[in-house]
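Note sheet for the following structure.
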Amino acid sequence: MVVDEGVRDDALTRLARVVSEVLAPAVLVAVLLLVVGWHAGDAPGVSRWWGLPGALFAAVIPLGYVLHGVRRGRLTNHHIPERADRRVPLLFGTASLVAGLLLLVVLGAPQEVLALLGAGGCGLAVFALVTHWWKMSIHAGVAAGTVAALTAVYGAVALLGVPFVLLGCWARVRLTAHTPAQVVVGALVGALIAGTVFPLMR
């Protein structure tokens, strides 16, 4: 049976869209904070739900800001495809994350959750700076950073997530949201920050 090339292209594009949504930065950040918060709860007397307020400030509030921008017509969509439009949402996300970090410090959250937020803040600051000149892939950076952070917590078994990072990179290139260089550099930067800052702070 011969498959029409156009049909194959449409199917791959639809798959890429699904992958981009499932592996979206806000989704991965929220899940990562919940997982790390649950792990921090292994210590006696520590709640397993400290990742929940972290996810609120690091993922939910920034995503809400972006969606509000989309509804008001300031942004094209929640992935913010135009490089020039990315800087303000990234700075807002950084401010929200820092506010959440300070609040959780005051409330006595476990060090592992605070370290993850600190690493996330460093990552956001770097991406916000680079975005002024170049559209480095945030999708790739967060996906690779997620695997790096989970590796620091759970060991080499977390490297099973690497194929999902590659899948996410493919999806962004397939949708022409980024060039191969932008996803490769984004993934490397995300993994480097999460793989160094998070372990040092935890």
Does any residue of the stretch 38-53 turn out to be within 16 Å of the chain's Cα centre (by Cα) and either among the small types (Gly, Ala, Ser) or under 22 Å from Gly186 (Cα atoms) (or both)?
yes
Looking only at residues in the stretch 35-59 that are under 20 Å from Leu23 (Cα atoms) and hydrophobic (A, V, I, L, M, F, W, C), which one is most open to solvent (accessible area, probe 1.4 Å)?
Leu52
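What residue, among those in the stretch 155-183 that are β-branched (Val, Ile, Thr) and within 15 Å of the chain's Cα centre (by Cα), is surrounded by the fewest Cβ atoms within 10 Å (Cβ to Cβ)?
Let us first name the residues in the stretch 155-183 that are β-branched (Val, Ile, Thr), namely 157, 162, 165, 173, 176, 179, 183.
Filter once more, so that each one left must be within 15 Å of the chain's Cα centre (by Cα): 162, 165, 183.
Values: Val162: 15, Val165: 25, Val183: 26.
Looking at residues that are β-branched (Val, Ile, Thr) and within 15 Å of the chain's Cα centre (by Cα), I get Val162.
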Output yes when any residue across the stretch 8-21 is more than 21 Å from Val113 (Cα to Cα), at pLDDT 95 or above, surrounded by 11 or more Cβ atoms within 10 Å (Cβ to Cβ) and in contact with a Gly (Cβ under 7 Å, 6 or more places away or on another chain), and no when none is.
yes
Which of the residues that make up the stretch 127-154 are within 18 Å of Ala55 (Cβ to Cβ) and surrounded by fewer than 19 Cβ atoms within 10 Å (Cβ to Cβ)?
Val153
Quick one: is Leu124 open to solvent by 70 Å² or more (accessible area, probe 1.4 Å) and more than 29 Å from Pro44 (Cα to Cα)?
no
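Restricting the search to the stretch 96-116, which residues are of a type in the set (A, V, I, L, M) and either under 18 Å from Val147 (Cβ atoms) or out of contact with any helix residue (DSSP H, G or I) (no Cβ under 9 Å at 6 or more places or on another chain) (or both)?
Quick first cut of the stretch 96-116, residues of a type in the set (A, V, I, L, M) only: 97-99, 101-107, 109, 113-116.
Once the filter is applied, which keeps residues that are of a type in the set (A, V, I, L, M) and either under 18 Å from Val147 (Cβ atoms) or out of contact with any helix residue (DSSP H, G or I) (no Cβ under 9 Å at 6 or more places or on another chain) (or both), the stretch 96-116 yields Leu102, Val106, Ala115, Leu116.
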Within the stretch 70-87, identify whether any single residue is open to solvent by 50 Å² or more (accessible area, probe 1.4 Å), acidic (Asp, Glu) and more than 28 Å from Val173 (Cβ to Cβ), and answer yes or no.
no
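Within the bounds of the stretch 184-202, is there any residue that is assigned to a loop (DSSP other than H, G, I, E, B), in contact with a Gly (Cβ under 8 Å, 6 or more places away or on another chain) and surrounded by 19 or more Cβ atoms within 10 Å (Cβ to Cβ)?
Going residue by residue through the stretch 184-202, those that are assigned to a loop (DSSP other than H, G, I, E, B) are 202.
Applying the additional criterion that residues be in contact with a Gly (Cβ under 8 Å, 6 or more places away or on another chain) yields none.
No, the stretch 184-202 contains no residue that is assigned to a loop (DSSP other than H, G, I, E, B), in contact with a Gly (Cβ under 8 Å, 6 or more places away or on another chain) and surrounded by 19 or more Cβ atoms within 10 Å (Cβ to Cβ).
The values are calculated or read from the model by the stated rules, or taken from the named source; none is laboratory data. What you see is a predicted model; the values in this text were computed from it and never measured. Cβ: placed from backbone, ideal geometry, glycine included. Neighbour counts: every protein chain shown. Protein only, heavy atoms only, side chains kept; ligands, DNA and RNA dropped before computing areas. Shrake-Rupley method; radii C 1.70, N 1.55, O 1.52, S 1.80 Å.
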